[in-house]
Every structure is written in C-alpha cells, then in structure tokens.
Amino acid sequence: MSKSPWNLPNVLSLSRVFLAPIVMVFLTFRINYPVKPLAALGLDTGYGDLLAGCIFILAALTDTADGYIARKHGMVTNLGKFIDPLADKILVIAALISLVELQRLSAWIVVIIVAREFIVTGLRMVAAAEGVVLAASRGGKVKTVTQIIAISLMILNIPGGLFAMGIALFVTIYSGMGYLVENKKVLMGE
C-alpha cells in the first residue's frame, strides 16, 4: 500500500479540520427556524442546529474511519499521527466554544476539557522526548465517545444533553488523571 501522506485516512482527518468551522457557522448563525417534525416531538431543534449536528456527527465518524483504514491497509504516516489527534481537538473545541456562545454550556466546562487535552498532549511530548510512546488509553477512547455523544445532543438541543456533558466531563477528568498516574515515572524523570 501507498505510504503517501495524502492517502484516504489523512484526507479524512483533514476533513475534520475543514468541517469544524462549518459546524460553527451553522450553529452560531442562529438559523432558528424550527424543524417541524422535531418540533412535533417536543424538541427545540432549529435547522442550523440540525445541519451543525449532522456535520459534527459525520466529522466525528471520519475519526473512526480514518484510524480503521490506516491500520487495516498499512497507511499509517507521520502526517496522520500528527493531524488525526489535532483534527479531533479542533472539531471538539470548535463545537464547545460555539455551545458556550449560544449559552448552552458553561465556559468552565470547556476550560476543564481543554486543560485535560493540554495536559495529556504535554505528557506525550515529554514522553516522546524520552523515547516513550504513549498510546491512546481505553479511558481516552471512552472520553472521546462520551464527548461526541454529549456535544451532539447539545448541538441538536436535545433534552439530557447537559447531563450527558456531565458524564463526559467526569470521564474526561478521570481519563486525564489516569494518564498522569500511569505515566508518573515519565513525568518525574525516573
């Protein structure tokens, strides 16, 4: 298989970078005309929310697809190792900032989520400098799934979204602490 950096998995990862601002546009330009079938179900979801939610979910699904394709077909590249986690963070942070702007989410929640990402990324950088690779943990994967579900519910303005975000926040903190505890020796230079 091709080791070109412009392979399908990397293009999928890059698509998340370009889809993130589109999610923000649809969500924050307040295209609030209610989606009648959803309104009939008692949901307060406007067309902007629906478009932003669909694009966000599609972008999130590319994360699963790019990793699967890259591993299955031997298309793992340095560009992919760089852009994949970066694209994930850009997509999630863009959606979270938009939700804060819409006053659907408190800024302190976003600060905790972003801080966890900085801490784990910094830990990975220290480990890499020591020749240690920190693979994604199971907790990190669960964190990503819970965040995607919670953000999707909040974008679509579905009841229970804030509760789901509370669960995602707990998992985010827990998985971040897990990285620190499991890699204490790397951090302390032991």
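Some values worked out for this structure:
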{"item": "Simple spin-label estimate for residue 142 and residue 126 in nanometres, 7 Å along Cα-Cβ", "result": "2.4 nm"}
{"item": "Estimated distance in nm for a label pair at residue 73 and residue 114, the labels positioned 7 Å out from Cα along Cα-to-Cβ", "result": "3.6 nm"}
{"item": "Kirkwood Rh in Å, taken over the chain so that all alpha-carbon pairs contribute", "result": "17.6 Å"}
{"item": "Residues 98, 4 arranged by fewest to most Cβ contacts within 10 Å", "result": "4, 98"}
{"item": "Exposure proxy ranking, count of Cβ atoms within 10 Å, fewest first, for 90, 155", "result": "90, 155"}
{"item": "Least to most buried among 142, 35 (fewest other Cβ within 10 Å first)", "result": "142, 35"}
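A short reminder: the numbers here are calculations on the coordinates, not readings from a lab. Note that this is a predicted model, so its numbers are computed, not measured. Virtual Cβ from ideal backbone geometry, glycine too; neighbours counted across all protein chains shown.
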